[in-house]
Ligand SMILES: [Zn+2]
């Protein structure tokens with residue numbers, strides 16, 4: 001049914017076909033399918049090209065206007081009755097981790113395609129044009145960074161710099177690989193008004209699945225600070241040096257890591273703090289470690305809290321080092337501010353869920369997404385749906401067809417109402 005100009009009419013704008021969405025996801029997942037039931041479709045490989053080609057063929061069947069920009073982003077447009085109005089965009093990515101799942105990225109792209117197909121079926125016209133976008137290389141596996149193509153679109157990263165990014169073997173570049181697979185388009189990348197961007201994604205975390213809630217209205221994404229810590233003690237013989245005379249860098253590092261873990265529980269909501277890298281010198285079974293270097297990855301959705309965590313983290317490390325008579329060197333290796341999505345976009349997601357009678361909750365994104373870049377240049381929101389046990393970046397990543405269809409209904413409703421229907 002159509003909606004009134006005021007947007008107050010209830011009921012779906014057009015009917016999403018959940019089976020068709022599922023079939024598209026399963027067909028896309030065949031490209032790069034891994035023996036363990038997942039997908040390995042690395043950015044700008046032949047498999048990525050095959051996935052892109054399949055998506056483009058579907059867009060052409062749906063009478064969408066397809067353009068490729070200079071970063072290889074695919075933009076498929078459904079014109080509105082005001083064709084020059086800024087578009088309402090959706091989309092995500094088709095590249096995956098080496099042993100990734102069927103849904104991370106692909107769901108956001110194919111939910112966008114299903115929105116277009118459903119509007120076509122119902123012959124609903126929108127005022128503003130709608131677009132579904134495939135952002136190149138979101139995962140950042142082959143080329144450092146991740147989400148660089150949406151970063152260029154949003155003006156956060158330079159085009160020439162991005163095209164010159166080397167692959168991890170240092171044998172080719174982003175630009176060369178884009179040309180090789182035939183997706184070095186000539187449309188400009190960014191620098192134009194966008195009415196809004198909505199990205200649908202599986203949560204990639206356990207919150208919605210554990211709560212049994214089908215929709216997450218995403219408030220934003222966590223900020224992140226990364227550090228490298230070097231603890232220096234004194235090497236010694238493991239058999240001859242009494243315990244009370246040791247300056248054991250490993251024991252000091254272990255106490256620090258444990259203290260950081262405890263620190264995470266002193267803030268509400270909890271930050272996530274991880275040490276995933278450790279290097280020991282001399283790394284010998286019968287020598288007391290003289291030096292240990294370890295990483296810290298700390299994330300929280302609120303920047304002010306993140307600053308408080310930073311201060312306490314430094315204090316805890318210093319106190320532990322001082323008590324043990326150890327040297328301490330702390331380097332902050334990166335910092336990324338939290339992303340706060342546009343309140344009107346967040347509300348559009350909640351309103352769509354209410355209209356369709358679907359339970360929702362507010363949620364923060366633990367991971368980074370293309371939407372985090374788009375938030376720099378356009379009103380942006382995200383829709384999360386549950387994935388089984390929160391497992392993602394894993395061949396076992398799974399999601400329920402009914403939840404995927406529900407997320408797509410919310411996406412359609414939010415986009416169509418934002419664009420205005422006639
Ligand atoms: Zn991912």
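Of note:
- Counting every other Cβ atom within 10 Å of each residue's Cβ, 218, 280, 229 order from fewest to most as 280, 229, 218.
- Gain in span if fully extended, residue 266 to residue 244, counting 0.36 nm per residue against the direct Cα distance: 4.8 nm
- Largest GNM mean-square fluctuation among 73, 270, 286, using the chain with Cα springs under 10 Å: 286.
- Estimated FRET transfer efficiency when R0 is 60 angstrom, pair residue 376-residue 254 (beta carbons, to 0.05): 0.90
- Each peptide among 258-268, 387-397, 234-244 gets the average number of other Cβ atoms lying within 10 Å of its residues, and from highest to lowest they stand as 387-397, 258-268, 234-244.
- Considering only 409, 70, 281, the mean-square fluctuation computed in a Gaussian network model of the chain, springs between alpha carbons under 10 angstrom, is largest for 281.
- The mean sequence separation of alpha-carbon pairs under 8 Å and at least six residues apart, normalised by the residue count of segment 131-289, gives a relative contact order of 13 percent.
- Whole-number percent relative contact order across the chain, with pairs defined as alpha carbons under 8 Å at least 6 apart: 25 percent
- Considering only 169, 192, 125, the mean-square fluctuation computed in a Gaussian network model of the chain, springs between alpha carbons under 10 angstrom, is largest for 169.
- Global geometry of segment 31-160, whether rounded, prolate or oblate, following the gyration tensor of its Cα atoms and the 1.5 cut on a/c: oblate
- Helix 46-61 axis, angle to the chain major axis (alpha carbon atoms, nearest 10°): 30 degrees
- Take every Cα pair under 8 Å whose residues are at least 6 apart in sequence, average their separation, divide by the length of segment 203-320, and the relative contact order is 34 percent.
- Angle between the chain longest axis and helix 106-121 axis [Cα atoms, degrees, rounded to 10]: 10 degrees
- Three-way shape call for the chain based on the alpha-carbon gyration tensor, with the a/c threshold at 1.5: prolate
- Peptides ranked, highest mean first, by Cβ atoms within 10 Å: ranges 132-144, 26-38: 132-144, 26-38
- Förster-model FRET efficiency, 22 Å R0, residue 81 and residue 121, C-beta, rounded to 0.05: 0.75
- For segment 290-408, the alpha-carbon coordinates run over 62, 34, 23 Å along the three principal axes, in decreasing order.
- On Cα atoms only, tilt of 18-29 relative to the major axis of the chain in degrees: 50 degrees
- Debye log10 I(q)/I(0) at q = 0.18, 0.19, 0.21 Å⁻¹ for segment 223-336, Cα point scatterers: -0.84, -0.92, -1.06
- Cβ-derived FRET efficiency at R0 45 Å, residue 283 paired with residue 359, nearest 0.05: 0.30
- Stretchable slack from residue 65 to residue 336, in nm (0.36 nm times residue separation minus alpha-carbon distance): 94.0 nm
Read-outs throughout are calculated quantities, based only on the coordinates presented, and are distinct from any laboratory measurement. If you're wondering where the values come from, they're calculated on a predicted model, not measured in any experiment. Because the Cβ atoms are built from the backbone with ideal geometry, glycine has one as well, and the counts that use them run over all protein chains shown.
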